[in-house]
Amino acid sequence: QVQFVEAGGGLVQSGGSLRLSCASSGLLFKYAHMAWYRQAQGNQREWVASLDTDGATHYEDSVKGRFTISRDNAKATVYLQMNNLKPERTAVYYCTGSVPHNFYWGQGTQVPLSS
């Protein structure tokens with residue numbers, strides 16, 4: 001059974017930094033394409049960043065230069081370093097992992113922004 005445990009969310013001020021982590025189990029992590037999504041209240045869930053097994057990274061335009069996705073295969077964990085957080089609405093961040101024919105979601109961690 002594949003499980004993700006996300007951590008690192010919490011109240012942060014606009015312009016501040018936060019690092020999210022997502023520890024996986026039951027997944028062949030080093031062969032998995034990992035990504036982060038977010039969903040603000042009233043909005044659709046949107047893709048934020050992804051990390052291929054070869055280390056290639058991809059970012060949604062609004063977070064380029066501010067967010068960094070990384071992985072530690074030995075710990076089966078993916079991270080999202082978020083710097084200079086913009087005053088977007090509070091969002092729940094979800095990590096995902098995919099291998100051929102299967103796609104998995106984490107339970108989400110909330111990142112509320114204060115002004």
For residue 16, distant residues with modelled amide H under 5 Å away: 85
Hits among lysines - C-alpha to C-alpha of residue 30 under 20 Å, sequence gap 8 or more where chains match: 75
23 Å Cα-Cα reach of residue 64 towards lysines, excluding residues that sit fewer than 8 places from it in its own chain: 86
From phi via Karplus (6.51, -1.76, 1.60), per-residue ³J(HN,Hα) for region 17-30 in Hz, x at Gly/Pro: 10, 7, 10, 9, 10, 9, 8, 10, 9, x, 10, 6, 4, 5
Size of charge dipole - the chain - debye, nearest 20, with Cβ of Lys, Arg +1 and Asp, Glu -1, no other charges: 180 debye
Region 28-99 - accessible surface per residue (Å², probe 1.4 Å): 51 Å²
Student exercise, region 19-62 dipole from Lys, Arg, Asp, Glu Cβ charges, in Debye to nearest 20: 240 debye
Accessible area of region 1-90 belonging to carbon and sulfur atoms, whole % at 1.4 Å probe: 45 percent
Percentage relative contact order, the chain, counting C-alpha pairs under 8 Å, at least six apart: 36 percent
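The values are calculated or read from the model by the stated rules, or taken from the named source; none is laboratory data. These figures come from a predicted structure and were not determined experimentally. Cβ sites come from the backbone with ideal geometry, for glycine too, and all protein chains shown count toward neighbours. For accessibility, only protein heavy atoms count, side chains too; no ligands or nucleic acids. Shrake-Rupley method; radii C 1.70, N 1.55, O 1.52, S 1.80 Å.
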